[in-house]
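Structure in structure tokens, see below.
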Amino acid sequence: MSEIAAELARVQSAFDQPTLTLLHQRQAAVVITVFRQAFGRDNRPVPTARLHTLVEGYLAELRDTPGETPESIPSGSGRELCQRWMRGQWLVRSLDETDQEVYTLTWHAQQAVELVKSLARDRATLSQHRISTIVDTVRRFNADANPDPQARVDILDQEIARLAAERDRLLGGGDLPAPSEDYLDEGFTELLSLVAALPSDFARVEERFAQIRGEILAAFRAEDRPAGEVIDGYLARADEMMTTTPEGRAFEGAFTLLRDNELVGRLRADLAALLDHPGADRLLSDADRAELRGTVRLVREGLDRVLSQRSRVTAALKEYIVSHDGARDRELEQTLRQIESELTAWMGSTGPRATVEVALLPARPGVEQLRERFHDPADDLPPERLRTEPTAQSGPELGELLAQGGPTMPELAIRLGDALDRARSGGTPSLGGLFDQLEDELRRPVEIFGLLQLATQRDLAPGDGEEEYRAVRPDGTGRAFAVPRLEVGPATAPADGGPRPTPSSEESPA
């Protein structure tokens with residue numbers, strides 16, 4: 001293959017990347033605008049339902065914008081467009097820490113967004129600041145990587161001499177040269193471009209861990225390799241990704257940065273000093289200032305997302321190890337071997353065209369009733385033994401309970417029968433009079449209802465007016481009740497269906 005053909009192949013492979021396929025389509029400007037508006041500068045996760053609504057609202061506003069043609073606006077609902085962008089590898093859907101489904105931009109889409117943002121800035125890229133940055137970076141890199149100890153010592157001596165001379169000059173009252181506005185503008189531009197590239201770098205590591213998680217789960221489901229081999233492969237790939245890939249090394253560097261509290265504090269102080277510079281107000285917009293001020297927060301959030309994705313991979317490994325049942329696998333293997341043995345024996349005694357009816361699924365067992373509750377030994381425990389010794393707080397006695405109960409019907413029936421027998425020889429004239437002659441235990445207020453019920457069963461004749469029943473409560477207090485008068489006459493048969501009164505001790509059977 002010639003050099004030009006090889007170069008064409010490399011360019012074509014670059015154009016096949018999702019970053020350039022996004023920028024190469026006709027509706028790229030609208031899609032990039034929607035991405036920048038919905039996800040912001042730090043690629044914050046957006047809940048799925050909210051993004052569907054936002055996409056529909058943004059596109060509705062853009063359709064009403066003068067100068068926009070229908071061909072430049074994507075068609076379809078918000079859900080359909082998000083699914084289309086997921087197939088294009090520009091969006092990824094996952095679960096956040098609260099198990100809520102969210103969308104995030106892939107690192108391909110973030111690269112496209114940052115490229116458009118850098119092109120939208122009307123600032124020069126070749127500048128004195130950039131050249132000096134390159135010179136300083138090369139010298140610092142040489143000081144760290146030079147294998148010659150004497151060369152590294154010479155570089156450090158030169159740097160120490162330069163810094164000492166500058167320090168002495170300033171202490172001696174020398175002038176402090178102020179940087180030009182162009183130099184500040186170039187410096188802020190380069191700093192913003194470096195900060196803007198952080199979300200895509202973190203997203204690349206996060207997506208790589210998600211890919212490893214999917215591959216591990218697929219390997220577990222396939223069961224074509226031992227579980228230990230799959231786990232060893234994951235550990236080796238994770239270590240390789242952190243040490244050999246550019247995004248992995250960048251992640252480790254960011255992780256080292258955040259573990260150094262002194263370095264983080266120095267970074268915050270330097271950013272605050274730059275933002276407080278008198279020329280920063282003229283050169284930076286509010287959005288640029290907010291982006292620089294949130295650099296440490298941006299790094300922390302990116303690290304948290306990567307660590308969360310790595311924790312999900314570890315959780316998948318743990319779940320498989322805990323739930324994997326070796327005994328069940330051995331039982332299944334023995335069952336399959338037994339089936340193979342029976343099949344071999346059957347094939348030895350049948351012809352080549354013999355068939356056997358085998359049900360696809362086992363028949364459902366006909367069970368009339370299934371036990372819903374099984375024996376519980378706790379149900380057969382005897383009750384606790386009653387305490388026989390007297391307690392300080394004993395319950396009410398039997399007499400107190402009886403005094404609080406209903407009417408004493410058997411005793412009242414006997415007394416009423418006696419009164420009816422005496423009425424033949426001029427006894428008690430009324431039911432109230434009979435009640436007043438009873439003992440205090442039978443003159444409770446509730447006994448009036450029992451006596452009236454017995455009188456109803458005896459069909460006593462009503463008298464004129466009312467009479468007074470003087471009742472006695474169980475506590476000894478009295479109360480009078482006005483009750484219609486009932487005459488005590490000869491005994492009659494009870495009403496149909498009613499109970500017969502208990503005969504008195506003086507009566508004899510008929």
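Here, each number is a calculation from the coordinates, and none is a lab measurement. Predicted model, so just to flag it, every value in this text is computed and none were measured. Note that we place each Cβ from the backbone using ideal geometry, even for glycine, and neighbour counts take in every protein chain shown.
So, counting K/R as plus one and D/E as minus one, what does the shell of residues with Cβ under 15 Å around Glu71 add up to?
So the environment of Glu71 carries a net charge of +1.
So how far apart, in nm, are the two label points at Val11 and Asp475 if each is 7 Å from Cα heading toward Cβ?
Output for this residue pair reads 10.9 nm.
Arg473's amide H: which non-local residues (gap 5+, or another chain) put their own amide H closer than 5 Å, with H modeled 1.01 Å from N in plane and none for Pro or chain starts?
Gly478, Arg479
Which ³J(HN,Hα) values, rounded to whole Hz and listed in residue order, are derived for the range 141-146 from phi using the Karplus coefficients 6.51, -1.76 and 1.60 in 6.51 cos²θ - 1.76 cosθ + 1.60 with θ = phi - 60°, glycine and proline given as x?
Coupling constants for the range 141-146: 5, 5, 5, 8, 10, 5 Hz.
Highest first, please rank the peptides 86-97, 431-442, 397-408, 412-423 by the mean number of other Cβ atoms sitting within 10 Å of their residues.
Numbers: 86-97: 15.5, 431-442: 17.5, 397-408: 11.8, 412-423: 19.3.
Result, highest mean Cβ count within 10 Å first: 412-423, 431-442, 86-97, 397-408.
For the range 405-487, what does the relative contact order come out to in percent, with C-alpha contacts under 8 Å and a separation of six or more?
31 percent
If each of Leu217 and Ile73 carries a label point 7 Å out from its Cα toward its Cβ, how far apart are those two points in nm?
3.8 nm
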